[in-house]
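Everything below concerns the one structure shown next.
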Amino acid sequence: MRVRIPGLFVLLAVVLAGLIHIAAVLALPLLAPKKAYARLVPLGHANTMIQIPATAPGSEIMPMMAPDVRYAFCRFDLTDGPVRLRAAVPDDLWMIAFYTPTGDNFYTIAGADMRRGQIDLVIARADQAVAEAGVDAPEEADDVVVVNSPETDGIAMIRAPLAGPSHGKRAEEALKATYCGAKSR
Amino acid sequence: MRARLSDFTTIHPLAPALPRLRRRIETGPSMVTLLYVVATFLVALLLGIGSARYMVERGSPLTTSVAGPWSSWIYEGNPSADLYTKAHLASSGRLPLTSTMARYFLAGTDSQGEPLVSSCEYSISGTPLNARWWSLALYDEGGSIIKNPSGRYSFNSEEAVRRADGTYHVTLARHARPENWLPSGADDQGLVLMLRIYGPRDTDASGTGIIMPASLPAIERQACE
């Protein structure tokens, strides 16, 4: 029995289309030129807190940022050891979210879950020792939250949702007082 | 000494087919076959890339939930998200919170399915959402907020004026309107609404925030210019 040639080509086209479909979906995250991480990197050095200016028409860092949320982020690089993030959180609405460079939100702390409005945390890879003798006072170590990062690089993004237009200044000042940097400080 | 095809005709089981094969080799592949091959590759390329783009940009029932004009990528930002969601996230350029912390709903049309445009006026009305904080913001098609003299780009749960029955009504219009006015700007362009809901209180077994479709606001077109 002979397979008719057009039928064979239709089958080939469908199989080939399937392969191209899978390849395109797999390649897209790698090829996308405007990933959020690539937009944040040029804004400043690693391991320091960077405030994103209030969203203004035409000058957004990322598309669809909330005009009524103030943002600050720390691009952490754990090559030289764990990184510390400290913030006095003025209200329950704040959220601190941790991302891999591809945008996986692997951990988030909500303001409502923080004790005494103070957050003190250490970002470390699973294989990095966090407690070093003489660096952390023992009583302090109890309160420190350790965030295990799956990758050496990533983003810690603080979101400060505003209760109204007049709350912007206060949120910006509170974000300015946050710290991200070497663990020993 | 070169062996010729005819030398084997007496011993090979496919011998009767050989004259036809020889004719083929002598004339080369036919034009028709070549056309079929080229067409197959073109069709495969078009189908493969077209379907991939559609499922990454627009979503599918596997990745997105749709309720009226609103659609939401369910596993956006989730480290264990599927490949379509990850590809969508990468090409969107956004850095969303995972769905256990927040839900994002996008609308590019009104409740009747007509595209949102700045030359029309819309009435958006809904009931309060069961979440810690929510915000309804307006963007152009590029995801940028729209310049307007009053500097008003969104309404959130803390600031939207509500009626006695707890419902809120936002008017999307070019010129000032009473109650909650979301200005759509002077330029003629398509519009996109985003409803971001932080800390949804109802969750499913996996912790994903649940937003009842009925609690999402309706978008009704009013007058057009």
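The values are calculated or read from the model by the stated rules, or taken from the named source; none is laboratory data. Remember, it's a predicted structure, so these values are computed and weren't measured experimentally. Here Cβ is always computed from backbone atoms with ideal geometry, including for glycine, and neighbour counts include all displayed protein chains. Just so you know, the surface numbers come from the protein's heavy atoms only, side chains and all, with ligands and any DNA or RNA stripped out. Shrake-Rupley method; radii C 1.70, N 1.55, O 1.52, S 1.80 Å.
The set of residues in the stretch B:144-154 that are assigned to a loop (DSSP other than H, G, I, E, B), within 8 Å of chain A (Cβ to nearest Cβ) and either hydroxyl-bearing (Ser, Thr, Tyr) or open to solvent by less than 10 Å² (accessible area, probe 1.4 Å) (or both) comprises B:SER144, B:ILE145, B:TYR153.
Scanning the stretch B:176-191 for residues that are surrounded by 15 or more Cβ atoms within 10 Å (Cβ to Cβ) and not in a loop (DSSP other than H, G, I, E, B) turns up B:ASN180, B:TRP181, B:LEU182, B:PRO183, B:LEU191. The number of residues in the stretch B:127-143 being open to solvent by 10 Å² or more (accessible area, probe 1.4 Å), out of contact with any Gly (no Cβ under 6 Å at 6 or more places or on another chain) and under 27 Å from B:ALA186 (Cβ atoms) comes to 2.
Looking across the stretch A:1-17 at every residue that is surrounded by 14 or more Cβ atoms within 10 Å (Cβ to Cβ) and at the interface with chain B (Cβ under 7 Å from one of its Cβ atoms), the one that is farthest from B:THR85 (Cα to Cα) is identified as A:PHE9. Tallying residues that are open to solvent by 10 Å² or more (accessible area, probe 1.4 Å), at the interface with chain B (Cβ under 10 Å from one of its Cβ atoms) and in a loop (DSSP other than H, G, I, E, B) within the stretch A:92-123 yields 4. Is it the case that some residue within the stretch B:162-175 is within 30 Å of B:TYR75 (Cα to Cα), within 12 Å of another protein chain (Cβ to nearest Cβ), touching a Lys or Arg at 6+ places or on another chain (Cβ under 9 Å) and not acidic (Asp, Glu)? Looking through the stretch B:162-175, none of the residues is within 30 Å of B:TYR75 (Cα to Cα), within 12 Å of another protein chain (Cβ to nearest Cβ), touching a Lys or Arg at 6+ places or on another chain (Cβ under 9 Å) and not acidic (Asp, Glu). Here is the figure for the stretch B:188-216: residues that are in contact with a Pro (Cβ under 9 Å, 6 or more places away or on another chain) and closer than 23 Å to B:SER119 by Cβ total 4.
Selection over the stretch B:77-107 of residues that are of a type in the set (A, V, I, L, M, F, W, C), in a loop (DSSP other than H, G, I, E, B) and in contact (Cβ under 8 Å) with a residue 40 or more places away in the chain gives a count of 2. Taking the condition open to solvent by 60 Å² or more (accessible area, probe 1.4 Å) and either modelled with pLDDT under 90 or of a type outside the set (D, E, K, R) (or both), does A:PRO161 pass? No; evaluated as a whole, the condition is false for this residue.
Within the stretch B:111-132, identify whether any single residue is among the β-branched types (Val, Ile, Thr) and either within 14 Å of another protein chain (Cβ to nearest Cβ) or within 17 Å of A:VAL25 (Cβ to Cβ) (or both), and answer yes or no. No, the stretch B:111-132 contains no residue that is among the β-branched types (Val, Ile, Thr) and either within 14 Å of another protein chain (Cβ to nearest Cβ) or within 17 Å of A:VAL25 (Cβ to Cβ) (or both). Close Cβ contacts (under 9 Å, 6 or more residues apart or on different chains) running from residues in the stretch A:31-44 that are facing chain B (nearest Cβ under 9 Å) and under 12 Å from B:ARG94 (Cα atoms) to residues that are in a loop (DSSP other than H, G, I, E, B) and open to solvent by 50 Å² or more (accessible area, probe 1.4 Å) comprise A:LYS35/A:THR102; A:TYR37/A:THR102. In the stretch B:56-76, the residue that is most open to solvent (accessible area, probe 1.4 Å) out of those that are part of a strand (DSSP E or B) and hydrophobic (A, V, I, L, M, F, W, C) is B:VAL66. As a summary of the residue check, A:THR79 satisfies the conditions (1) surrounded by fewer than 20 Cβ atoms within 10 Å (Cβ to Cβ); (2) modelled with pLDDT of 90 or more; (3) within 14 Å of another protein chain (Cβ to nearest Cβ) except for the one numbered (3).
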